[in-house]
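To start, the structure under review is shown below, and the notes come after it.
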Amino acid sequence: MGRLQDKVCLITGAARGQGAVEARLFASEGARVWLTDVRDGEGGAVAEEIGGEYRSLDVRDAGAWEALVAEMLDASKRIDVLVNNAGIFQAKRLIETDLKDFDAVMAVNCTGVFLGMRAVAPAMAEAGRGSIVNISSIAGLGGARSAFAYSASKWAVRGMTKSAAFELGRRGVRVNSIHPGMIETEMLHQVAGYAEDGRMLRAVPLGRVGEADEVARLALFLASDESSYSTGSEFIVDGGITAI
């Protein structure tokens, strides 16, 4: 029996990168996976590969969230796991960031997470169980050079995770955040200076970039009953860079 056997799991931003790897891993562990993204071709292909359900979802759209959750409840009668994985990166310093830039990043990375938690929380609370996993970043643990709005959004995810965990804990719903460091995905190569001289990599005690499956395995643990006494916490997967 898989570690997520028959659990109904919703993963956003699942067309590629960490989200796609999470979807494949969850399905291999017996989950009934619903995938969402705005890259419909890629997302649909991943869903077909793993036997999941794909739906196009703009995480900034409250009505779309409500419609998706209603469809999932109609089909499966419950939602056991939400992984708020969808996110965007912007490499701009404070003085380079205008209001439009800031709002765009916050809308996806912060508001999208809020809307997702709000959409699934009533059904999870009524069932008396559930796990919400919010993907933050090490930029949500400290300052991020050259990524002002991104860092602000990931700190917000960290704070929302704790508030939601406090609110929902007595209803049996757990909420935790994952804070990846340098993970080999498309987003990593948008980071200013990453590929220039290896300076960032030399700061990692383990001496290498992480892989998406290393984040996915942590998400699997938090989604499963193995983490039944963990809520409101930050789980770091960064090769030790924040230990310095």
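The values are calculated or read from the model by the stated rules, or taken from the named source; none is laboratory data. Note that the coordinates shown come from a computational prediction; the quantities given were computed from them, not determined experimentally. Here Cβ is always computed from backbone atoms with ideal geometry, including for glycine, and neighbour counts include all displayed protein chains. Protein only, heavy atoms only, side chains kept; ligands, DNA and RNA dropped before computing areas. Shrake-Rupley method; radii C 1.70, N 1.55, O 1.52, S 1.80 Å.
Can you bin region 1-105 into rounded, prolate or oblate? Criterion: square roots of the alpha carbon gyration tensor eigenvalues sorted a ≥ b ≥ c, rounded for a/c under 1.5, prolate for a/b above b/c, oblate for the rest.
Taking the square roots of the gyration eigenvalues as a ≥ b ≥ c, region 1-105 is prolate.
If you line up the Cα atoms of region 12-67 on their principal axes, what length do they span on each, largest first, in Å?
Projected onto the principal axes, the Cα atoms of region 12-67 cover 31, 19, 17 Å.
Against the longest principal axis of the chain, how steep is helix 148-168, in degrees 0 to 90 to the nearest 10, with axes from Cα atoms?
30
Give me the 1.4 Å probe accessible area per residue for region 1-153, excluding ligands and nucleic acids, in Å².
Working: 6460 Å² over 153 residues.
On a per-residue basis, 42 Å².
Could you work out the relative contact order of the chain, using alpha carbon pairs under 8 angstrom and six or more residues apart, expressed as a whole percent?
19
Against the longest alpha carbon principal axis of the chain, how many degrees, from 0 to 90 and to the nearest 10, is the axis of helix 40-50 turned?
Result, in degrees: 60.
Taking a ≥ b ≥ c as the square roots of the eigenvalues of the Cα gyration tensor of region 106-244, is the shape rounded (a/c under 1.5), prolate (a/b larger than b/c) or oblate? Kindly include the intermediate steps, with their values, before the conclusion.
Numbers: a/c = 2.51, a/b = 1.79, b/c = 1.41.
In terms of gyration-tensor shape, prolate.
Let me know the shape class of region 117-190, please: from the alpha-carbon gyration tensor, a ≥ b ≥ c as square roots of the eigenvalues, rounded when a/c is under 1.5, otherwise prolate if a/b is greater than b/c, or oblate.
Prolate, because a/c is 1.5 or more and a/b exceeds b/c.
Only Lys, Arg, Asp and Glu count, each charged at its Cβ (+1, +1, -1, -1), so figure out the dipole size of region 62-157 about its Cα centre, rounded to 20 debye.
320
Rounded to the nearest 10 Å², what accessible area does residue 129 show when all protein chains are kept and the probe is 1.4 Å?
110
So what's the angle, to the nearest 10 degrees on a 0 to 90 scale, between helix 112-127 and the longest Cα principal axis of the chain?
The angle comes out near 30 degrees.
Please give the length that would be gained between residue 61 and residue 45 if that part of the chain were fully extended, namely 0.36 nm times their separation in residues minus their C-alpha to C-alpha distance (nm, one decimal).
3.4 nm
Placing +1 at every Lys and Arg Cβ and -1 at every Asp and Glu Cβ, with all other atoms neutral, what dipole size does region 58-217 have around its Cα centre, in debye to the nearest 20? Display every interim value, and only then the final one.
Working: 19 positive and 19 negative charges, 146 e Å.
It comes to approximately 700 debye.
Tell me the carbon and sulfur percent of the accessible area for the chain, rounded to whole percent, probe radius 1.4 Å. If you can, show how the numbers build up before the last one.
Details: 5970 of 11270 Å².
Result for the chain: 53 percent of the exposed heavy-atom area is carbon or sulfur.
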